[in-house]
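The values are calculated or read from the model by the stated rules, or taken from the named source; none is laboratory data. This one's a predicted model, so the numbers in the text were calculated from it and none came from an experiment. Areas reflect the complete protein model, heavy atoms only, side chains present, ligands, DNA and RNA absent. Shrake-Rupley method; radii C 1.70, N 1.55, O 1.52, S 1.80 Å.
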Amino acid sequence: MTTTGRTMKVLTGALALGCAAGVALGTATAASASVGDFTYRSGQKDFRLHNEADGPCHSLAEMGSRFKNLTGTTVELFSDKDCHGRHAYMEPHAGAAGAPEWAWSFRFLP
């Protein structure tokens, strides 16, 4: 086999390995969502988030209450908007357990 032939085989193998790694990483990123429902009340309205993305902060227009975590992800709730202030955690599939009455913002932990 010539040097050029070996180089092409190595490059082809490296390319295949890189593509496989990219697919694996893309799959991990796509799976970064809270599977299930998270419900709460803000003002006089009830809200339901379904399969919400992990990470971003959700600030409420009015203080939230009646939080219920039916997702497979831990939810972190905050006493102030923009995910600041005191915080509490609601475990996955906890229902209303651990829910504070003072939350103004929350996020799903990755």
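Remarks
- Measuring only protein heavy atoms, the 1.4 Å probe finds Ser32 accessible over about 50 Å².
- Taking all protein chains as they are arranged and a probe of 1.4 Å, the heavy atoms of Glu101 leave approximately 110 Å² accessible to solvent.
- Listed residues His93, His58, His50 arranged by accessible area, highest first, probe 1.4 Å: His93, His50, His58
- Per principal axis, descending, Cα span of region 38-109 in whole Å: 25, 24, 21
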